[in-house]
Structure formats: structure tokens, C-alpha cells
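Student: Have a look at this one.
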Amino acid sequence: MPAKLKIKSGDLVVVTAGNHKGEQGTVLSVDLQKNRALVEGVNLVKRHTKPTPQQPEGKIVEKEAPLHFSNLMVVVKDTPSRLGRKLDESTGKLIRYSKKTGETIK
């Protein structure tokens, strides 16, 4: 079973390594088995589609490719921050919080 991840769908993240270092985007989806996330507008690749009855000529589609979690950091108040998890006393559930600012994250 994969470990609990600190990045979730809908988070604003920044790429910390690789060809797209410094780019920001929102997480569209998360693949727990491969430890990868799909980030909107980052790591765009071109894919060729075959001709179909709807598209008789076919076309070249540009779409996002997944990035590994280790290359992403969540952005909190316009600054990249590491995340931690702590127990919320009132609800008894684990909540995510920014280690840089100390504030909780949804």
C-alpha cells in the first residue's frame, strides 16, 4: 500500500527540478501507484492521434505528462513550502500544515 501523500488534487504547486523548474500549476490528478501528479500547463508533450470519423485528418494534441512528487512543492501564500501532518485536537483527524508558515491547508 502506498504511503500517505502530501500533494492532493487542486493544490497549487511549483516544480523544483527538471526542465520545467520554477513553473507553477494546479494539480489535476494524482497517481498513487506511480507516485506522480498531473499538473495543469506544465510538462506539455505532443501526442499524435489517428484519423477517426470525427477527425478524418487526425491531429497533434498537446497535453500534460505526469511529474514525480519529489519534483513538486506546494505553494502557500506565494512561497513554496514543505508540508507536515498533525492531529487536530477538536476533530481527531490529521490535517496538513505548512512547515514554513505554520498555517493549515485544506
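Student: Residue by residue through region 69-99, note down the ones that are small (G, A, S), part of a strand (DSSP E or B) and over 15 Å from T16 (Cβ atoms).
Tutor: Answer for region 69-99, where residues must be small (G, A, S), part of a strand (DSSP E or B) and over 15 Å from T16 (Cβ atoms): G84, S98.
Student: Which one is modelled with the lowest pLDDT, of the residues in region 1-52 that are of a type in the set (K, R) and crowded, with 16+ Cβ neighbours inside 10 Å?
Tutor: For region 1-52, the residue satisfying everything is K6.
Student: Turning to a different aspect of this structure: Could you tell me which residue of region 90-104 is most open to solvent (accessible area, probe 1.4 Å), considering only residues that are charged (D, E, K, R) and touching a residue at least 12 places away in the same chain (Cβ under 8 Å)?
Tutor: K100
Student: Is at least one residue of region 84-100 at pLDDT below 95 and acidic (D, E)?
Tutor: Looking for residues that are at pLDDT below 95 and acidic (D, E), one finds at least one in region 84-100, hence yes.
Student: Give me the pairs: first residue in region 71-86 and at positive phi, second residue open to solvent by 50 Å² or more (accessible area, probe 1.4 Å), beta-carbon distance under 8 Å, and six or more apart or on different chains, which are they?
Tutor: Within 8 Å, the pairs are K77/T101; K77/E103.
Student: For region 24-68, please list each of the strands (runs of 3 or more DSSP E) lying entirely inside it that holds at least 3 residues being farther than 22 Å from V14 by Cα.
Tutor: The qualifying strands (runs of 3 or more DSSP E) are 44-49, 59-64.
The values are calculated or read from the model by the stated rules, or taken from the named source; none is laboratory data. None of the values given here were measured: they were computed from a predicted structure. Note that we place each Cβ from the backbone using ideal geometry, even for glycine, and neighbour counts take in every protein chain shown. Quick note on the areas: whole protein, heavy atoms, side chains included, nothing else; ligands and nucleic acids left out. Shrake-Rupley method; radii C 1.70, N 1.55, O 1.52, S 1.80 Å.
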